[in-house]
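Have a look at the structure below before the remarks.
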């Protein structure tokens, strides 16, 4: 189970890192577009549009980064078997679901792994639980005593 938990963590780190790189690419791309718009034309309206283009790019990059950063943080916590990472990554896994196709697969895999009782035991112990101990079922009810024998 520890290996599955760590795999979910590693996959979330990779997915979040790709999101952060995508946010950086958006920021750089929109900044380049703003520079081209402002520098290529002598039209005064182009000079007014350049900061707006840069601001929109900055806003989109921040939103994408805010989506990817929790996945990196939660993935790191899962790899290190932090007790708080289970609930955090269940929420992140649910947020991955609408991101078809890879986010959906990652979200479903994360939910399948993290919603198991064994994952709760492992993460609540900080990874110190050597194996899964299932809960002990209650004993069956006692049968009524036999009637007294007649002689």
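Determine whether residue 29 is surrounded by 18 or more Cβ atoms within 10 Å (Cβ to Cβ) and either closer than 14 Å to residue 79 by Cα or in contact with a helix residue (DSSP H, G or I) (Cβ under 8 Å, 6 or more places away or on another chain) (or both). Can you show your working first?
Numbers: surrounded by 18 or more Cβ atoms within 10 Å (Cβ to Cβ): no; either closer than 14 Å to residue 79 by Cα or in contact with a helix residue (DSSP H, G or I) (Cβ under 8 Å, 6 or more places away or on another chain) (or both): yes.
Answer is no for this residue.
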task = Could you check residue 117 against (1) over 16 Å from residue 3 (Cα atoms); (2) at pLDDT below 90; (3) exposed (fewer than 13 other Cβ atoms within 10 Å of the Cβ) and say which number it fails?
result = (1)
request  = Answer with yes or no whether residue 97 is without any contact (Cβ under 8 Å) to a residue 40 or more places away in the chain and out of contact with any helix residue (DSSP H, G or I) (no Cβ under 8 Å at 6 or more places or on another chain).
outcome  = no
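Out of curiosity, is residue 26 assigned to a helix (DSSP H, G or I), under 15 Å from the mean Cα position of the chain (by Cα) and modelled with pLDDT of 90 or more? Before the answer, list the steps.
Values: assigned to a helix (DSSP H, G or I): yes; under 15 Å from the mean Cα position of the chain (by Cα): no; modelled with pLDDT of 90 or more: yes.
No, not satisfied.
Looking at segment 111-125, which of its residues are under 20 Å from residue 71 (Cβ atoms) and in contact (Cβ under 8 Å) with a residue 12 or more places away in the chain?
Selection gives 111, 113, 114, 115, 119, 123.
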remark   = For helices (runs of 4 or more DSSP H) lying entirely in segment 30-138, having 1 or more residues that are over 17 Å from residue 13 (Cα atoms) picks out 44-79, 102-114, 117-124
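So, residue 102, is that one surrounded by 16 or more Cβ atoms within 10 Å (Cβ to Cβ) and within 14 Å of the chain's Cα centre (by Cα) or not? Quick ask: steps written out before the conclusion?
On the way: surrounded by 16 or more Cβ atoms within 10 Å (Cβ to Cβ): no; within 14 Å of the chain's Cα centre (by Cα): yes.
When the stated conditions are applied, residue 102 does not pass them.
The values are calculated or read from the model by the stated rules, or taken from the named source; none is laboratory data. Please read all numbers here as calculations on a predicted model, not as lab measurements. No Cβ is skipped: glycine too gets one built from the backbone with ideal geometry, and neighbour counts run over all protein chains shown.
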